[in-house]
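Everything below concerns the one structure shown next.
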Amino acid sequence: MKTIVYMVRHAESPYTEGTERTERTRGLTLQGKMNAERITEILTNEGIHSIVSSPYARAILTLEGVAAALDLDIQIMEDLRERHFSDDMIADEEFEPASKKMFDDPDYALPGGESNTVCQNRAVGMLKQILEEYKGKKVAIGTHGHVMTLMINYFDSSYGLDFMNQTKKPDIYRLQFDEMELENVTRLWSEWGEGE
């Protein structure tokens with residue numbers, strides 16, 4: 001019995017350094033809102049049964065149009081939240097080297113932050129629950145770049161830092177599962193172009 005999961009990386013969001021609270025509440029840019037409309041166009045005819053999301057506003061807002069079009073509620077799942085990188089502010093130029101170190105050493109974490117292992121364990125635990133609960137159905141998941149990559153990586157180790165770095169905001173990956181085995185990954189966003 002095949003289960004289809006649509007991993008939807010959130011649309012563009014205005015980045016401002018701040019607290020965990022501001023991370024959770026920041027919305028979408030104008031371009032992000034336009035791309036969220038295109039996400040709705042892409043996913044409305046896929047036969048999606050359920051929508052779940054990270055609790056972060058940018059992930060929810062990216063899928064709101066799909067939920068409205070399909071008359072579905074968005075179920076918020078805390079363990080799908082973006083990874084917590086550090087209790088300290090991270091400068092832009094420090095982000096890439098830190099990400100690389102985290103993928104090279106899955107147990108490495110910045111001060112107060114989550115390692116890849118910790119983040120992956122909580123997110124994959126949630127994904128396994130989704131695969132059990134919605135077996136044989138189609139589910140859209142509102143997610144984030146690191147979290148999405150780590151979830152796919154659990155089932156196929158070829159999805160790592162290089163994959164994450166080439167994803168867009170937004171992006172859509174259609175994952176086909178047979179029970180708990182990932183059989184196929186197809187990128188849907190590229191068929192529609194990127195941000196035209």
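Need the failing condition index for Glu64 against (1) within 18 Å of the chain's Cα centre (by Cα); (2) open to solvent by less than 50 Å² (accessible area, probe 1.4 Å), just the number.
Just one mismatch for Glu64, condition (2).
Would you check which residues across the range 163-196 are open to solvent by 60 Å² or more (accessible area, probe 1.4 Å) and either assigned to a helix (DSSP H, G or I) or within 23 Å of Gly27 (Cβ to Cβ) (or both) and list them?
Asn165, Gln166, Lys168, Lys169, Glu191, Trp192, Glu194, Glu196
Take the residues in the range 67-94 that are surrounded by 14 or more Cβ atoms within 10 Å (Cβ to Cβ) and touching a residue at least 40 places away in the same chain (Cβ under 8 Å), then tell me which one is farthest from Tyr154 (Cα to Cα).
Out of the qualifying residues, it is Ile74.
With Glu23, Glu82, Glu78 as the choices, which residue is at pLDDT below 95 and within 14 Å of the chain's Cα centre (by Cα)?
None of the other options fit; the residue is Glu82.
Are there any pairs with C-beta distances below 8 angstrom linking a residue in the range 101-129 that is in a helix (DSSP H, G or I) to a residue that is acidic (Asp, Glu) and at pLDDT 95 or above, with the two at least 6 apart or on different chains, and if so which?
Taking only residues 6 or more apart or on different chains, the pairs are Asn116/Asp107; Thr117/Asp107; Arg122/Asp79; Ala123/Asp79; Gly125/Asp79; Met126/Asp79.
Any idea which of (1) farther than 28 Å from Thr29 by Cα; (2) of a type outside the set (D, E, K, R); (3) open to solvent by 50 Å² or more (accessible area, probe 1.4 Å) is the one Pro97 doesn't satisfy?
The number of the failed condition is (1).
What's the total number of residues in the range 31-59 that are open to solvent by 20 Å² or more (accessible area, probe 1.4 Å), outside any helix (DSSP H, G or I), touching a residue at least 12 places away in the same chain (Cβ under 8 Å) and not charged (D, E, K, R)?
So the count comes out to 4.
Somewhere in the range 112-125, is a residue modelled with pLDDT under 95 and open to solvent by 30 Å² or more (accessible area, probe 1.4 Å)?
yes
Specify which of the listed residues (Gly160, Gly136) is within 26 Å of Asp107 (Cβ to Cβ), of a type outside the set (Asp, Glu) and open to solvent by 10 Å² or more (accessible area, probe 1.4 Å).
One residue alone meets the criteria, Gly160.
The values are calculated or read from the model by the stated rules, or taken from the named source; none is laboratory data. Please read these numbers as outputs of a predicted model, since none were measured by experiment. Ideal geometry is used to build each Cβ from the backbone, glycine not excepted, and the neighbour counts take in all protein chains shown. These accessible areas exclude ligands, DNA and RNA; they are computed on the full protein's heavy atoms, side chains included. Shrake-Rupley method; radii C 1.70, N 1.55, O 1.52, S 1.80 Å.
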